[in-house]
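Participant: Okay, handing you the structure first.
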Amino acid sequence: MTHICISDAIEILEELVACLDDAYWEAGTIEDKDRFYNLIYAINRELSELSKLSVQDHNLAYERISLEFTQAKDRLNALKNSVDTQVLRSRTAQHLADCLVSMQQMLG
């Protein structure tokens, strides 16, 4: 199993938040907006916890920290399987799918 360092995890999560933010603004229903907002919140909680670490720790292996992000893992995997039906704009759907693959590889 490949370990990813904290600095790489931060980059992956920041890119994923940006993709989810695009999907949020492009969503056509309140339910979809709520779903994307929930995921954005969970990832931002993880990023907030990672930002508390020292810069010297950024080369250590990444492990999930926040409970919200741990709980959102299943929702992110479900989104990966249905991104084409939940994201209307094809460019955003492809970018989000790529980000979700990176996130899945990061989490192992």
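Participant: Mind computing the radius of gyration and Dmax over the alpha-carbon atoms of the chain? Å is fine for both.
Facilitator: 13.7, 43
Participant: Take the Cβ-Cβ distance between TYR24 and LEU53 as r, set R0 to 22 Å, and report the resulting FRET efficiency rounded to the nearest 0.05.
Facilitator: Given R0 = 22 Å and the Cβ-Cβ separation, E is 0.20.
Participant: Could you pull out every residue, at least 5 positions away or on a different chain, whose amide H is within less than 5 Å of the one on CYS5? Hs are placed 1.01 Å off N in the peptide plane, and Pro or chain starts have none.
Facilitator: Residues meeting the amide H criterion: TYR62.
Participant: If you don't mind, another one. Provide the FRET efficiency to the nearest 0.05 for the LEU67-ASP8 pair, computing r from the beta carbons and using R0 = 30 Å.
Facilitator: 0.85
Participant: While we're on this one: Which of THR92, THR70, THR29 moves the most in a Gaussian network model of the chain with Cα springs under 10 Å?
Facilitator: THR29
Participant: Give me the angle, in degrees from 0 to 90, between the Cα long axis of helix 30-51 and the longest principal axis of the Cα atoms of the chain, rounded to the nearest 10.
Facilitator: 10 degrees
Participant: Still on this structure, please answer the following. Leaving out same-chain residues fewer than 8 places away, which lysines sit with a Cα under 25 Å from that of LYS33?
Facilitator: LYS73, LYS80
Participant: Also, quick follow-up: May I ask you to give the percent of accessible area on region 15-67 that is carbon plus sulfur, with a probe radius of 1.4 Å?
Facilitator: About 52 percent, which is the carbon plus sulfur part of the accessible surface.
Participant: Run the helix sum for the chain: -39,500 (n - 2.57) per DSSP H stretch of 4+ residues, divided by residue count, reported at 222 nm to the nearest 500 deg cm²/dmol.
Facilitator: -26000 deg cm²/dmol
The values are calculated or read from the model by the stated rules, or taken from the named source; none is laboratory data. Just so we're clear, the structure is a prediction, and the values are computed from it rather than from any experiment. With ideal geometry, Cβ positions are generated from the backbone for all residues, glycine too; neighbour counts draw on all protein chains shown. Protein only, heavy atoms only, side chains kept; ligands, DNA and RNA dropped before computing areas. Shrake-Rupley method; radii C 1.70, N 1.55, O 1.52, S 1.80 Å.
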